[in-house]
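Input: a single structure, listed below in structure tokens.
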Amino acid sequence: MPVQQIYVWDFHPSNSVDAPFSVMERPYGEDQCSAWPKLTSEEKIKFVRSLADALGRIFKISMPSIGSLEKLTNENHPIVGPYATIDENVMVNDGIVSGIIDWEYHAALPACLAAVYLEFMRFDGIFDPKYNIEKRIMPTKKSWATASEAGPLRSAFREAAGRVSMDYMRSLDLGKDLRRLLEFAQRDLNACHSWERDFTESLTV
């Protein structure tokens, strides 16, 4: 996957510029939010497949424990700290992923939580308009897929991810309900109870 080169860094607050800094290679392209509205349907499928390829490769990296990546030891072994919320910042160039930046909020998670469909292609769980988590119509951004686009995009994502890592695809399926439950519990307990009731009823059908 594309990774930008770091040219120089100094994270000490009392350095020559009185602030931590790093200078890195420029990732060409636009962020996903800016690029998405300009992409054709075919380019969106192409982008989602390249994104699945990148995330599938990241998924295959083994870490010593779960949590956010804090630093490396002198022997270049990762030290993993407390759990942190995962955030993604994906750069797009010519319809494919050209870089993933801003890693400070990423974390190593159990496989069933790490394998995900990204929010912009989801209409399930807290993103299901039925539950109206934030009293608004979904999707809320021009950078999100429409309801008609979401299904084909998830299918393309799943197929591409499976070619890179069958474990990613299995974790995507096995962790689906746990991920939804955690999202509801973090955002809206009333909606969580509604989803729990719907989910329980679906098991008895």
Considering residues of the stretch 19-45 that are of a type in the set (Val, Ile, Thr) and over 18 Å from the mean Cα position of the chain (by Cα) only, the residue nearest to TYR7 (Cα to Cα):
VAL23
Could you grab the pairs with beta carbons closer than 6 Å, sequence gap of 6+ or different chains, first residue in the stretch 25-45 and closer than 13 Å to ASN93 by Cβ, second one surrounded by 13 or more Cβ atoms within 10 Å (Cβ to Cβ) and among the charged types (D, E, K, R)?
none
Could you go through the stretch 110-128 and let me know if any residue there is at pLDDT 85 or above, of a type in the set (A, V, I, L, M, F, W, C), assigned to a helix (DSSP H, G or I) and in contact with a strand residue (DSSP E or B) (Cβ under 9 Å, 6 or more places away or on another chain).
yes
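Quick check on LYS135: is it basic (Lys, Arg), at pLDDT 75 or above and over 28 Å from GLU42 (Cα atoms)? It would help to see each step written out before you state the result.
Values: basic (Lys, Arg): yes; at pLDDT 75 or above: no; over 28 Å from GLU42 (Cα atoms): yes.
Taking the combined requirement at face value, the residue does not satisfy it.
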Condition broken by GLU159, with the remaining ones in (1) touching a Ser or Thr at 6+ places or on another chain (Cβ under 9 Å); (2) modelled with pLDDT of 90 or more satisfied
(1)
Please count how many residues of the stretch 142-172 are under 17 Å from ILE126 (Cα atoms) and surrounded by fewer than 15 Cβ atoms within 10 Å (Cβ to Cβ).
3
Hits in the stretch 178-199 - residues which are open to solvent by 50 Å² or more (accessible area, probe 1.4 Å) and of a type in the set (Asp, Glu)
GLU196
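The values are calculated or read from the model by the stated rules, or taken from the named source; none is laboratory data. On a predicted model such as this, the values are computed, not experimentally measured, just so you know. Methodologically, a virtual Cβ is constructed for each residue, glycine included, from the backbone with ideal geometry; neighbour enumeration extends over all protein chains shown. These area figures cover heavy atoms from the full protein model, side chains too; ligands, DNA and RNA do not enter into them. Shrake-Rupley method; radii C 1.70, N 1.55, O 1.52, S 1.80 Å.
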